[in-house]
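Peer 1: Sharing a structure, written as structure tokens. Questions coming.
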Amino acid sequence: MNAAPRQITLDEWDARYAELSAAGLCEPPYGGRLSRHVVAEGDLRLRTLRYDNSPAALRLWNFLLTEEERLHQSRAMGRRIVGAMKDLGTVPVMAYSLPNLVAFYPDGAWWIPCVMELSDGLLRIADSLGIDESFCPVRAMLGAFLTGAHFPLPDMLTCSVGATCDDFSAIAQRLNGLGFPILWWEMPSRRRPDPGEPAVCLPGGFLAPEAQVAFVKSELERVKSALEALAGERLDEAALAAGIGAANQVRRLLAELRRLVFTAEICPLPALEMLIAEMLAIHFCSDRDETIAVLQDLLEEAKNRIGARRGVLSSRAARLFWVNPVADLRVMNLLEECGGRVCGTEYLFCHALDEIPEDLPPMEALARTALADPMAGPAADRAERICADVRSFGAEAVVVSRIPGASHCATEGDVIREIVKSRAGIPTLEIEVPPVCDSVIPTLRSRLEALVETVQERRQ
Ligand code: SF4
């Protein structure tokens with residue numbers, strides 16, 4: 001089953017799949033050829049991506065691409081479904097602590113226009129509701145709710161408000177107005193503690209006033225009560241602590257995977273698969289235990305490749321730190337085609353990667369984790385964290401990938417680039433990536449190649 005690590009096309013994966021199957025590949029029930037998702041679900045973008053050729057990557061992709069099926073199965077089995085919007089990793093930890101609840105992330109509809117190459121019509125539906133392209137691609141979520149053609153309509157919807165982006169607030173309010181009731185919970189804008197004010201250190205290192213943590217905790221208590229009512233049972237401290245322990249297992253696996261991949265001399269796993277692996281931290285792709293198994297496989301593959309001094313890219317690849325998720329997954333391939341590799345990321349949810357404190361009462365620990373959301377504080381806080389991670393992963397340049405229409409992207413790129421330039425002293429580049437980027441690939445390619453050349457000149 002061992003083959004030299006490389007990136008292959010979807011067609012090549014069919015041939016590889018046949019070879020692996022003949023050699024006795026053992027797969028979970030959602031396994032199978034990747035190409036079936038193009039025909040069965042209309043995931044047309046898969047035809048243009050390049051994939052890692054390991055069985056671990058095959059499992060990761062199949063796990064990702066079967067999430068909707070898994071949610072429908074959960075409903076058929078009588079489990080209640082929670083749509084956890086705009087909190088990136090807090091409400092799902094509570095929901096998965098109750099055995100008959102499953103949580104998912106409706107914001108993930110963000111990627112449907114890309115994966116289906118706009119054939120889904122979701123952005124047109126959002127347009128017709130007055131949510132046009134001046135909003136970020138998360139507006140596709142509105143179409144997904146109205147058509148019901150993607151995920152099952154949840155039994156309960158939660159959404160954080162307050163210190164969240166204007167785009168999501170407006171879109172979620174529109175959704176509520178269309179007859180999808182939402183349980184709102186408020187996230188205050190995180191501020192630095194005043195001199196002498198009681199403060200706590202949050203996971204990830206930000207400081208926040210104790211009073212803000214207490215407020216978030218009281219908001220999360222309201223959400224917990226609603227989840228208990230939906231589940232028809234109490235969520236006691238022991239069950240929540242166990243849920244936090246399982247979430248931390250995911251976070252520890254990811255931390256180890258990121259450390260190994262981003263610091264290895266020869267890059268063992270591609271940026272695209274790493275992006276998807278990181279996304280699993282938010283809501284476990286609707287199956288927490290399977291998330292752990294998928295990550296364990298990837299970690300083992302990365303360790304084996306590093307041990308054998310094998311990888312998917314040249315050891316001379318420019319070490320880039322990537323800020324913000326890309327609306328078109330194709331760009332994660334493109335940056336590698338241009339001679340780069342990803343050595344560090346900040347995809348807007350680094351707080352979902354930090355371990356949740358296990359030496360605190362569970363609700364207090366969750367409140368601290370929620371308040372550590374990079375988007376709940378000033379862009380300068382995000383930039384500080386990026387600088388710290390740039391140093392620890394040894395990145396040689398930073399790419400800020402702007403999201404079209406996203407309100408926070410109008411100014412944060414400049415703030416981040418200025419702080420990175422002055423603190424880390426490395427080159428930065430800002431690009432914008434639309435949901436299907438084919439028409440701008442030549443421009444993106446020349447800009448990324450220029451950055452890679454700059455990095456290589458600096459090495460001399
Ligand atoms: S504007 Fe940014 S933070 Fe808000 S939903 Fe879009 S991508 Fe997420």
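Peer 1: Just flag the GluC sites (Glu not before Pro) in segment 208-286 sitting in loop per DSSP whose Cβ has no more than 11 other Cβ atoms within 10 Å.
Peer 2: E265
Peer 1: Label-point separation (nm) for R309 and A4, each offset 7 Å from Cα along Cα-to-Cβ?
Peer 2: 1.5
Peer 1: Could I ask something else about it? Where a ≥ b ≥ c are the square roots of the eigenvalues of the C-alpha gyration tensor, would you call the chain rounded, which needs a/c under 1.5, or, failing that, prolate if a/b is larger than b/c, or oblate?
Peer 2: Details: a/c = 1.37, a/b = 1.15, b/c = 1.19.
Verdict is rounded for the chain.
Peer 1: State whether segment 52-150 is rounded, prolate or oblate according to the following rule on the C-alpha gyration tensor (a ≥ b ≥ c being the square roots of its eigenvalues): a/c under 1.5 gives rounded; otherwise a/b larger than b/c gives prolate, and the remaining case gives oblate.
Peer 2: Cα axes put segment 52-150 in the oblate bin.
Peer 1: Ignoring ligands, DNA and RNA, what percent of the 1.4 Å accessible area of the chain is carbon and sulfur?
Peer 2: Numbers: 8690 of 17070 Å².
Within the chain, the accessible surface is 51 percent carbon and sulfur.
Peer 1: Right, another one. Kyte-Doolittle mean at least -1.0 and Cα extent at least 24 Å along the axis: which DSSP H helices of the chain qualify? Write down the numbers at each step before the final one.
Peer 2: Values: long enough: 210-231 (31 Å, 0.20); 237-263 (38 Å, 0.51); 288-307 (28 Å, -0.52); 441-459 (27 Å, -0.51).
Result, helices passing both filters: 210-231, 237-263, 288-307, 441-459.
Peer 1: Quick check on segment 193-301: take the gyration tensor over C-alpha atoms, sort the square-rooted eigenvalues as a ≥ b ≥ c, and tell me if it's rounded (a/c under 1.5), prolate or oblate. It would help to have the intermediate numbers written out before the result.
Peer 2: Working: a/c = 3.03, a/b = 1.39, b/c = 2.18.
Here segment 193-301 falls in the oblate category.
Peer 1: So, one more: Farthest toward the dipole's positive end in the chain, which of A109, G42, A172, given Cβ charges of +1 (Lys, Arg) and -1 (Asp, Glu) about the Cα centre?
Peer 2: Checked the options; the winner is G42.
Peer 1: How many angstrom separate the Cα center of segment 80-158 from the Cα center of segment 415-460?
Peer 2: Measuring centre to centre over Cα atoms gives 30 Å.
Peer 1: Leaving out ligands and nucleic acids, note down the accessible area per residue over segment 322-431 with a 1.4 angstrom probe, in whole Å². Write down the numbers at each step before the final one.
Peer 2: Numbers: 2990 Å² over 110 residues.
That works out to 27 Å² per residue.
Peer 1: If you don't mind, another one. What are the principal axis extents of the Cα atoms in segment 291-415, in Å, biggest first?
Peer 2: Result for segment 291-415: principal-axis Cα extents of 44, 37, 26 Å.
Peer 1: Using only the Cα atoms, work out Rg/Rh for segment 124-177, with Rh taken as the Kirkwood radius, to two decimals.
Peer 2: Radius of gyration over Kirkwood radius for segment 124-177 works out to 0.95.
Peer 1: Pick out, in residue order, every one of the GluC sites (Glu not before Pro) in segment 45-154 that is DSSP loop and has at most 14 other C-beta atoms within 10 Å; say none if there are none.
Peer 2: E133
Peer 1: What span do the alpha-carbon atoms of segment 369-460 cover on each of the three principal axes, reported in whole Å from largest to smallest?
Peer 2: 39, 35, 20
Peer 1: Using a 1.4 Å probe, what is the accessible area per residue for segment 201-313, in Å²? Please report the intermediate quantities before stating the final value.
Peer 2: Details: 4100 Å² over 113 residues.
I get 36 Å² per residue for segment 201-313.
Peer 1: Hey, could you get me the Stokes-Einstein D for segment 244-306, Kirkwood radius over alpha-carbon pairs, 37 °C and 0.692 mPa s, rounded to whole µm² s⁻¹?
Peer 2: 281
Peer 1: Now, a different point. At 7 Å along the Cα-to-beta-carbon direction for both D155 and R459, put a label point, then send me their distance in nm to one decimal.
Peer 2: Taking the simple label geometry, D155 and R459 are separated by 5.5 nm.
The values are calculated or read from the model by the stated rules, or taken from the named source; none is laboratory data. In this text, all values refer to a predicted model and were calculated from it rather than measured experimentally. No Cβ is skipped: glycine too gets one built from the backbone with ideal geometry, and neighbour counts run over all protein chains shown. Surface areas here come from the heavy atoms of the whole protein model, side chains and all, with no ligands, DNA or RNA. Shrake-Rupley method; radii C 1.70, N 1.55, O 1.52, S 1.80 Å.
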